[in-house]
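Structure, as structure tokens:
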Amino acid sequence: MNPLPAAMLVRGTLLHFLADPGANDDAAAWQYIEDGALFIQDGRIRHCGPWHDVLAALPTLSRESARYFDYRGKLILPGFVDAHVHYPQLRVMGSFGRQLLDWLEHYTFPAEASFADRSVAEKTSAFFLDRLIAHGTTTASVFPTVHAHSVDAFFEAAQARNLRMLCGKVLMDRHCPENLRDTAQSAWDDSRALIARWHGKARLRYSVTPRFAPTSTEAQLKVAGELFASAPDLHLQSHLSENQRELAWVGELFPGRANYLDVYAHFGLIGPRSIYGHGIHLDAGERTRLAETGTALAFCPSSNLFLGSGFFNFHALSQTGVSISLASDVGGGNSLSTLRTMAAAYQVSQAQHHALSPWRAWYLATLGGARALALDQFIGNFTPGKEADFVVLDATAIPELAFRWDFAESVADRLFALMMLGDERCVAATHVLGNCVYLNKA
Ligand SMILES: [Zn+2]
């Protein structure tokens, strides 16, 4: 682990959110400060504001002893949040021609089976986290494999990098290859041991992770519910209503339940600190139930396009009050870049005749993601006391974006151009608890 720098002063253009700007771009929801500054001490934000105001608020001694980072001309935002991503699937990103259920069988399960070898989990965890940081993402809700050591390997690598991360052993005891199956009992035993080892350690929290309803028996879903309730502040992640064939299958497997969400509700798997990937084919009753129970959704637009799953109805879900975050869903998604996820989110919404505003999109990528993961007491914006994870973006890194930027008519127009034309080349630096952990040398 890197030691925390005592104090640092960071100068650049700041953007962060205090609330959801909503459908009408409520300007009270964000702070955009052209010449801004962050003062960071012990890895936490102490001051955020205009450069001259922050300087004036600091005692001379703090100002002079602080390490200085000059990012003028660049945009500083809270680190991106990727609310649904599978680290073992890096090796099958961009694989051809399958939809969800065939995708799992042909690409995902064989890739995950290779994680029986712990060294594969260790190497992949290190590579995955280094690449996340290079994409400006500092927090993620991560699926490993069914193997308990895939969680150990991941959390060890996350702890070594001081990252705030969620992860938990995948539970699946049916409808998957024999070598990837656990049981209801081993799911309980392994998960309890992992929770004891990792939950609340450093910046890590455990997330109970049934893959999705079809790959768990009723006995195992019951265990998942008991696990979720077995310690304070545990999280839960899974998949919901991604693909039509999957939906029909869930109907056959759980004939007594009213709909897909009702399966999870029946086993105590919804509510605060739970998040489900996708949620594409939901009816109005399910949308309302998500909102009323505080169950969040991870909007995975590039994965939904890539696997031909359908269009997430951001407009209806956000109007209903569902907490929504953005997610890459790698390997269904084909990029770890939150900027590219934002562009895909815009396109998916636009295909349904609702334009996602840049303010809303940047909110989703930062504070919205932190809220959907119930981690906003730690991260998501630059209010004093929050952990100082941030990304520095440089629009001039891509020539056509730089060209377009010069013709932008407003801040909103610039932010929109950046999310539509930008990608990881725009990440100039990433800081975790103040420390600079990635510097783009390109
Ligand atoms: Zn997924």
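Figures for the structure shown
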item: Residues of the range 61-114 classified as farther than 19 Å from Ser337 by Cβ, in contact with a Leu (Cβ under 9 Å, 6 or more places away or on another chain) and not assigned by TED's automatic domain parsing to the domain that holds Gly12, total; result: 8
item: Answer from Arg192, Arg211, Arg197 - the residue that is of a type in the set (Lys, Arg) and crowded, with 19+ Cβ neighbours inside 10 Å; result: Arg211
item: Residue list for the range 383-427, restricted to those being out of contact with any Gly (no Cβ under 9 Å at 6 or more places or on another chain) and either among the aliphatic types (A, V, I, L, M) or within 23 Å of Ala160 (Cα to Cα) (or both); result: Gly385, Ala402, Ala408, Val411, Ala412, Leu415, Ala417, Leu418, Met419, Met420, Leu421
item: Residue check, Gly368 assigned by TED's automatic domain parsing to the domain that holds Thr295, in contact with a Cys (Cβ under 9 Å, 6 or more places away or on another chain) and crowded, with 22+ Cβ neighbours inside 10 Å; result: no
item: Identity of the residue in the range 77-97, more than 16 Å from the ligand (Cβ to nearest atom) and within 19 Å of Thr430 (Cα to Cα), that ends up surrounded by the fewest Cβ atoms within 10 Å (Cβ to Cβ); result: Leu77
item: Enumerated strands (runs of 3 or more DSSP E) restricted to the range 155-259, each holding at least 2 residues that are away from the ligand (no atom under 16 Å from the Cβ) and free of Cβ contacts under 8 Å to residues at least 60 places away in the same chain; result: 204-210
item: Boolean, Gly285 is small (Gly, Ala, Ser), farther than 22 Å from Asp173 by Cβ and assigned to a loop (DSSP other than H, G, I, E, B); result: no
item: Members of the range 127-141 that are assigned to a helix (DSSP H, G or I) and of a type outside the set (A, V, I, L, M); result: Phe127, Phe128, Asp130, Arg131
item: Any hit, the range 224-238, residues being over 24 Å from Val146 (Cβ atoms) and aliphatic (A, V, I, L, M); result: no
item: Residue in the range 307-324 that is surrounded by 18 or more Cβ atoms within 10 Å (Cβ to Cβ), among the hydroxyl-bearing types (Ser, Thr, Tyr) and within 16 Å of the ligand (Cβ to nearest atom) present; result: yes
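The values are calculated or read from the model by the stated rules, or taken from the named source; none is laboratory data. Predicted model only: the values in this text are computed from it and were never measured. All Cβ positions, even for glycine, are placed from backbone atoms using ideal geometry, and neighbour counts span all protein chains on display.
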